[in-house]
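One structure is given below, encoded as structure tokens.
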Amino acid sequence: MPRGAKMKSYDVIVIGAGHNGLTNAAFLAKAGLDVLVVEKNPHIGGAAVSRNLHKDWMYSNCSYVCSLFRPEIYRQLNLAKHGLQVITYNGGFTLTQDGDYIGSYNDPEIMRREIYRHSPVDVDAYDRFKTDISKWCRFIRPMLLRTPPDPTSFKFRDLDELRFLARKFLDLGPRDLHDFMKFFTISVADYLDQYFTSDLIKAHKAGSGIIGTGLGPMSPGSAYVMLHHYMGDVDGSVGAWGFARGGMGAVSNALAGALQEHGGEIRTNAGVEQITVKNGTVTGVVLDSGEEISAKRVVSNLDAKRTFLGLMDPKDAGEKVVKAAKNFKIRGSSGKLNIALNGIPEFPALPKGSDLIQGDFHIIDSLERMERAYDDWKAGRWSKDPYVDALMPSLTDPTMAPEGKHFLSVFVQYCPPKVEGKDWTDDQVQAFGDTVINQLAKYSPNLKDLIEHVEIRTPREIESEVGLTEGNIFQGELTLDQLLFNRPFPGYAQYRGPVQGMYMCGSATHPGGGVMAAPGANAAREILMDLKLGNTVPEDEGDD
Amino acid sequence: MSSQGLAKEHYEMGLKKTPFYSRQKELDIMNEWHRWSGYTVPNVLNDVTFEYFAIRNSASVFDITPMAKYRIKGPDALDFMNRLLTRDMTKLRVGRVGYSVWCDDEGMVIDDGTVFRTSENEYLLCAQERQLETLKRNALGFDISFDDVSDDIAALSFQGPLTCTILKKVGFEGIDQLKMFDLKEFAFAGTTVMISRTGYTGDLGYELWINPENAGDLWDALFEAGKNYNVKAIGGDALEIARIEAGLLMAGKDFSPATSTVRPGHAKSPYELGLDWLVKLDKGVVFNGRRALIQERNKGPRYRFVRLDVEGNKTACSAYIFDRQGGKTIGHVSSAAWAPTAKKNVALGFVDMPYGEVGSTVWVEIYYQKELRWNRRWAKAVVMDGPFYNPERKTLTPPEAV
């Protein structure tokens, strides 16, 4: 730069080009602000990426399915125009140790018959379960695109928002209100016990209560984790899940397209060393390279630990925030295998030609086994008998693998951030991968012969590549003490950091993880409010 | 026996079955069928959502056998078609397909359809409604013959991003060179199949025309070649979403065909359907409705066809259109759907002139039901410029593999 030339100063710098960072930046750019997103990796997307790591296969190597992404954001940022297409998928099943399975069917009559096959009395219970879950979804969905109120504040806005919450609670009526209060603190096992008698049906449903969390099916709070996985939708079909055509990177690419359409910039290979602060006000960032970029506002899409313990000088963050960040629960509990297959693996338990294989499949047919898998994690080991949420997007999305070949995504619960307190070794990573493949091979005899390439990801790999502390996929546990106005910490739930001009927009903020894009959008709304600019960020369209 | 080979006892037959009936029935778990030109056809076979996504993500097979089809041939075939249709038919070369409308003397649209120029002096006309009498009335003085071949040609609409790849695997060599609106004959199972790169989904797709005897083999060949590609048979409901998403008109739904319209003001001219580009007033020959259409062009049409992007997620089915919330009624919605790929709440409709300019805002009053109770919502709607969904692959030649 020539001497005397003035360094460009941005209105906003967003740290981290994950989907929330990009969403936040896109809304700010759309409102006319000069926005720069800086990303440490050579590619954008954070945990919403499509990686071409083996020949013609495309891996959604972190997040792998889409449902929670807020439709209002999808529409407002015109992500369809920028190439995003989410395709609903079908099916899903849990395999049993005695060679049977239980399938999930969209058709209500077929679903009823399938439950009847395993437990006649649970058929009506299943309808009751679905009705109740729909109630809680309907209750909680409107809160996703709203900033949580601060219950200790007497500002008009917070009181108004508290009144909104109170009214929603009262609308539930006394019976539902009791159930709902319980729901937030109960375990998924206890919750399912209220409905079902069959252990297989309970295990089939309980998986959503443990995915991504350092809780077992019998840990209090896991019922909410299940709800968190149910409250999404695809095209208004609540609870449905879909694939982003081209892999989860399509979500990030479309968001980047929207950002660039509105004049925003992205710089990759630009990791941030520090958020700079002067007189209690943000002045910009210093990159790993030593380069300084100035900005009036800095938004961190990183999790609360990385942001406050890594990027901010403790003197700037302050003792209270540093302590809260240290105590923030963000436990790594999941691993993932991304596998290139030369054909469709056989599952002798499934009838020939069954469409169920197009959906997600699970291994672990009882809550007891699931809890034992959790016990291993508590002891600092990966589960010997792991739970998997596996699926082959390539059966639906033709862009993921060559014809007749498949990408198998295997999400694994549980996998510890450290092995018995020590860092992972490469041998242990391999052994973890073998455990999972052996588990799958018990149910699919030809699986091993079909394997062409495997990428094994423990919390170590997820943390070092994506930057999620301990590889926690939600950027922090989804327990009541870290939800709503407690997320990430009490007093900091409205997306503002401890210094002027500093904000948070990652999944560590309300309403949490799951590729929702809601934290990024909500943070953008708050920033625009501080700037007294008109709001261009949508709120929930509601269901009434 | 009548001229159509129908027995006196034809009333015992009920609805006709297309050559694909048994194959569709095998896949059917929904038991939802409807009538289409005397045939029974499925609304949905398995699940509307997955059938819709076959159109937009892989490949979909839809039975269009019930379409009205007429073969017109003779030395005057071109002149006759030019007389009947509003487009300049001298521009339609052999091996090409044209979309057109035809009008009555008042310039009101009788129907829209596709015209296949199969040889120098031969055309195939495909329409939603029956047109035999229209053809007969217009044939006066032309050296042509025309035949109703509706039941003699079985047809499948094969739509979606993987259709070209799958057709290549069936063995239709050179299919990838077909441009949009091209048509070509291919050898198949000892007979020929005519394939046109046409469709009703606004996407990459083809229509396959074959004699009824070999129709089943064609169906099987598509599913065999597409077995790794998630090919799905679809019903009319999935197609309906796709065609509304693509902003395409449907006779009998968006407009009332002039020949069966009783009430004044209910029939529509091509201009009122937003099809100005199909009308060639100066093509040098007289065509049906030309005089009335010249008058209308000078005077201006009564209505405007609008494609609306409606706020919110409640579909504006059968809604009235207003100039402002609670204001004056200025039109009505004729088709509406949530568009799953465009991610828009879309509506097609008509407003009185001069309302509904591109980019302007109108209002719709939407009624919708939740657990048996009716609710009402006012929603803003912006008039779109062109279709809601228009992917590059629709026109790309050769199409991408996936």
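Computed from the coordinates by the stated procedures, all read-outs in this text should not be read as laboratory data. Please read all numbers here as calculations on a predicted model, not as lab measurements. Cβ placement follows ideal geometry from the backbone for every residue including glycine, while neighbour counts extend to all protein chains displayed.
Key figures for this structure:
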{"quantity": "Distant alpha-carbon pairs in the stretch A:125-240 (separation over 18 angstrom), percent", "calculated": "56 percent"}
{"quantity": "Within the stretch B:33-51, backbone nitrogen closer than 18 Å to the virtual label 7 Å beyond the Cα of B:Lys16 toward Cβ", "calculated": "B:34-42"}
{"quantity": "Cβ crowding within 10 Å averaged over residues, with B:225-238, B:346-359 ranked highest first", "calculated": "B:225-238, B:346-359"}
{"quantity": "Rounded to the nearest 20 debye, dipole of the stretch A:125-240 from Cβ charges on Lys, Arg, Asp, Glu", "calculated": "220 debye"}
{"quantity": "Size of electric dipole in the stretch A:408-544: Cβ of Lys, Arg +1 and of Asp, Glu -1, about Cα centre, debye, nearest 20", "calculated": "280 debye"}
{"quantity": "Cα-centred dipole magnitude for chain A, charges only on beta-carbon of K, R (+1) and D, E (-1), debye, nearest 20", "calculated": "1500 debye"}
{"quantity": "Kirkwood hydrodynamic radius of the protein assembly as shown, Cα pairs, Å", "calculated": "30.4 Å"}
{"quantity": "Beta bridges by DSSP in the protein assembly as shown, antiparallel share as percent, to the nearest 5", "calculated": "85 percent"}
{"quantity": "Set of aspartates and glutamates with alpha-carbon distance to A:Lys405 below 12 Å, sequence-local pairs under 8 removed", "calculated": "A:Asp56, A:Asp397, A:Glu452"}
{"quantity": "5 angstrom amide H check on A:Lys329, placed H, neighbours 5+ away", "calculated": "A:Glu477"}
{"quantity": "Links that overshoot a 27 Å alpha carbon limit, given the list A:Lys8/A:Lys305; B:Lys136/B:Lys268; A:Lys55/B:Lys168", "calculated": "A:Lys8/A:Lys305"}
{"quantity": "Rounded if a/c under 1.5, otherwise prolate or oblate - the stretch B:302-389, Cα gyration tensor axes", "calculated": "oblate"}
{"quantity": "Residues whose placed amide H lies under 5 Å from that of A:Glu273, excluding near-sequence neighbours", "calculated": "A:Val286, A:Leu287, A:Asp288"}
{"quantity": "R0 of 51 Å, Cβ-Cβ distance B:Lys168-B:Arg35: FRET efficiency to nearest 0.05", "calculated": "0.90"}
{"quantity": "Lysines with Cα under 23 Å of B:Lys344, excluding same-chain neighbours fewer than 8 positions away", "calculated": "A:Lys30, A:Lys81, B:Lys253, B:Lys314, B:Lys370, B:Lys380, B:Lys394"}
{"quantity": "Distance in nm between pseudo-label sites at B:Glu392 and A:Ala441 (7 Å out along the Cβ direction from Cα)", "calculated": "4.3 nm"}
{"quantity": "Peptide B:49-59, shielding by other chains (average Cβ, 10 Å cutoff)", "calculated": "5"}
{"quantity": "Within the stretch A:107-205, trypsin sites (Lys or Arg not before Pro) in DSSP loop having at most 14 other beta-carbon neighbours inside 10 Å", "calculated": "A:Lys155"}
{"quantity": "Percent breakdown of C-alpha pair distances by 5 Å bin, ordered from the shortest bin, for the stretch A:1-111", "calculated": "2, 8, 12, 15, 15, 12, 10, 8, 7, 4, 2, 1, 1, 1, 1, 0"}
{"quantity": "The stretch B:359-402-the stretch A:68-128 distance, computed between alpha-carbon centres (Å)", "calculated": "26 Å"}
{"quantity": "Cα principal axis extents for the stretch B:1-110, largest first, Å", "calculated": "48, 47, 30"}
{"quantity": "Loop trypsin sites (Lys or Arg not before Pro), the stretch A:376-481 (other Cβ atoms within 10 Å of the site Cβ: 13 or fewer; DSSP)", "calculated": "A:Lys384, A:Lys442"}
{"quantity": "Charge-dipole axis of the stretch B:302-389 as Lys and Arg at +1 and Asp and Glu at -1 on Cβ define it, positive-most pick from B:Trp378, B:Met353, B:Tyr389", "calculated": "B:Trp378"}
{"quantity": "Spatially proximal aspartates and glutamates relative to B:Lys299 (Cα-Cα < 19 Å; intrachain offsets below 8 disregarded)", "calculated": "B:Asp104, B:Asp105, B:Glu106, B:Glu272, B:Asp276, B:Asp282, B:Asp352, B:Glu357"}
{"quantity": "Low-density loop positions, GluC sites (Glu not before Pro), the stretch B:129-220 - DSSP coil, at most 14 other Cβ in 10 Å", "calculated": "B:Glu173"}
{"quantity": "Inter-chain Cβ neighbour average for residues B:334-345, partner chain, 10 Å", "calculated": "4"}
{"quantity": "10 °C / 1.306 mPa s Stokes-Einstein diffusion coefficient of chain A, Kirkwood radius on C-alpha pairs, µm²/s", "calculated": "67 µm²/s"}
{"quantity": "Reciprocal of mean inverse Cα separation for chain B (Kirkwood radius, Å)", "calculated": "22.3 Å"}
{"quantity": "Lysine pairs meeting the criterion (Cα under 26 Å, 8 or more apart or interchain), as found in the stretch A:125-240", "calculated": "12"}
{"quantity": "Structure-based [θ]222 nm, chain B - -39500 (n - 2.57) summed over DSSP H runs of at least 4, per residue, nearest 500", "calculated": "-5500 deg cm²/dmol"}
{"quantity": "Stretch gain in nm, segment A:Phe154-A:Asp124, where the contour uses 0.36 nm per residue and the Cα spacing is subtracted", "calculated": "6.1 nm"}
{"quantity": "Mean Kyte hydropathy of -1.0 or more with a Cα span along the axis of at least 30 Å, helices from DSSP in chain A", "calculated": "A:122-144"}
{"quantity": "Derived scalar couplings ³J(HN,Hα) [the stretch A:35-52; Karplus, 6.51 cos²θ - 1.76 cosθ + 1.60; whole Hz; x for Gly, Pro]", "calculated": "10, 10, 9, 10, 10, 6, 7, x, 10, 8, x, x, 9, 10, 9, 10, 10, 9"}
